[in-house]
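The values are calculated or read from the model by the stated rules, or taken from the named source; none is laboratory data. Quantities reported herein were computed from a predicted structural model and do not represent experimental measurements. Cβ placement follows ideal geometry from the backbone for every residue including glycine, while neighbour counts extend to all protein chains displayed.
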Amino acid sequence: MTATPKRPRDRRLDVFRGLCMLIIFIAHMPQNPWLAWIPARFGFSSATELFVFGSGFASAVAFGRTFSSAGFVNGTLKIANRIWQLYWTHLALFAALAGLTVLLAPEGSHAMRALSHVFAAPMQALGGLVTLTYVPMLLDILPLYIVVLALVPLMMAARKLHPVAPFALSAALYAASFLFGLEMPGRSSDAGHWFFNPFAWQALFFAGFAIGLGWWTPPVLDRRGLVALAAAIVALSVPFNFWAFTDAYPVLVDIQAAVLPMNTWTNLHPVRIVHFLALAYLVLSLLERARWLLDTRAVGILTLVGTQSLPAFLACTVLAWIGGIALDMLGDTPGPVAVINIAGLAGIVAAAWVARLFKAEPWAKPKTPPAHQPAAARLTPAEA
């Protein structure tokens, strides 16, 4: 079987995944005043949509070529191996957060309340944890990713039947989550279901996956009419979400509640998808006019975090948990809040840098040619 050529990595993917990690850190600290200024406070979608969509695109790059070059069975085995790694990572992350809670969290803190089911019924909670029927707060992203990754071989098989089949299957699963309550069995910290329903969120994941594999070609960027439409959608969503408007005009909250029911996060309401796609098109179109930004130092830091997405995500979750405990203990006065947020953001960048360092294996000896080989033959192509 002929291998498909490896496509170059899109730098924008890493930039936005890195930005997503930093936003998620701020958003995952309870009672964090900086939460008032994250993008989700200005529109219907949030960093989670970006994370899931980007993960779909990245999964297409990481796994899609294996299916075409090594066959369906080997592609499925590679997916299974990744799921196995993520499963144990999920359990280790829980152990870390539970340990931090026992050691650091005061009674009645947000961390204690988030794991109240563990302390109230430890055997039931631990059993639910290993079977993914209990998904505590802040531990719901990796289980979501595990389930949607498990759907990848199904989508690849559907593609062999007909080019439209994976889109129809994804749409059917999304519709079933709304119409028939299709969801994973289990509970989150305080509800009888997962906070993110993977059968709904897979629609956004496979939108990114389809673009990454070239199954779907998105609209050309920077088209005047589409930019205007996207800008209008983004602008119209601001009054219904930004606290300066909703505090002044409470009726906007009532209107949003009528349009977006309370399960909007769980089942990924279509309005959230429309807003995310509009925002993505608008931002990418603007970036087309200023691609020099990709070479700036600040964007380089985001790229670093984005290329080390799993270590950065783990650091993001642990640091957000610690930051939440610190806010419970120190309060939300500006000084401590700034220190906690800045230290956490710096910690995520540091974790990404360390992860890149270890992956580079600096301790490994560089391979040198045999001593008898002529000097000219030992030159690299660049040196020659």
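In region 253-277, the residues that are within 14 Å of residue 197 (Cβ to Cβ) and modelled with pLDDT of 85 or more form Cβ pairs under 6 Å with partners that are surrounded by 15 or more Cβ atoms within 10 Å (Cβ to Cβ) and among the aliphatic types (A, V, I, L, M), at six or more places apart or across chains, as follows: 267/200; 268/200; 269/260. Search region 186-206 for residues being among the small types (Gly, Ala, Ser) and in contact with a helix residue (DSSP H, G or I) (Cβ under 6 Å, 6 or more places away or on another chain), and hand back the single one that is surrounded by the fewest Cβ atoms within 10 Å (Cβ to Cβ). The residue in question is 189.
Per-residue answers, yes or no, for (1) within 22 Å of the chain's Cα centre (by Cα); (2) over 22 Å from residue 174 (Cα atoms); (3) of a type in the set (Val, Ile, Thr):
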{"residue": "244", "(1), (2), (3)": "no, yes, no"}
{"residue": "252", "(1), (2), (3)": "no, yes, no"}
{"residue": "266", "(1), (2), (3)": "yes, no, yes"}
{"residue": "274", "(1), (2), (3)": "yes, no, yes"}
{"residue": "279", "(1), (2), (3)": "yes, no, no"}
{"residue": "282", "(1), (2), (3)": "yes, yes, no"}
{"residue": "290", "(1), (2), (3)": "no, yes, no"}
{"residue": "294", "(1), (2), (3)": "yes, yes, no"}
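Evaluate region 227-237: report whether one residue or more is under 25 Å from the mean Cα position of the chain (by Cα), assigned to a helix (DSSP H, G or I), without any contact (Cβ under 8 Å) to a residue 24 or more places away in the chain and over 30 Å from residue 355 (Cβ atoms). Taking every residue of region 227-237 in turn, at least one turns out to be under 25 Å from the mean Cα position of the chain (by Cα), assigned to a helix (DSSP H, G or I), without any contact (Cβ under 8 Å) to a residue 24 or more places away in the chain and over 30 Å from residue 355 (Cβ atoms).
When residue 214 is tested against (1) without any contact (Cβ under 8 Å) to a residue 24 or more places away in the chain; (2) of a type in the set (Gly, Ala, Ser); (3) at negative phi, only condition (3) is not met.
Return a yes/no flag: does region 176-185 have any residue that is crowded, with 22+ Cβ neighbours inside 10 Å and not polar (S, T, N, Q). For region 176-185, residues crowded, with 22+ Cβ neighbours inside 10 Å and not polar (S, T, N, Q): absent.
Only one of the numbered conditions (1) without any contact (Cβ under 8 Å) to a residue 40 or more places away in the chain; (2) over 24 Å from residue 140 (Cβ atoms) is not met by residue 84, and that is (2).
For region 95-123, the tally of residues that are surrounded by 13 or more Cβ atoms within 10 Å (Cβ to Cβ), in a loop (DSSP other than H, G, I, E, B) and more than 24 Å from the chain's Cα centre (by Cα) stands at 3. I want to confirm something. Restricting to region 238-252 and keeping residues that are touching a Phe, Trp or Tyr at 6+ places or on another chain (Cβ under 8 Å) and assigned to a helix (DSSP H, G or I), which single residue is surrounded by the most Cβ atoms within 10 Å (Cβ to Cβ)? Only one residue tops the list, namely 246.
Summed over region 40-94, the residues that are closer than 18 Å to residue 15 by Cβ and either more than 17 Å from the chain's Cα centre (by Cα) or surrounded by fewer than 17 Cβ atoms within 10 Å (Cβ to Cβ) (or both) give a count of 1.
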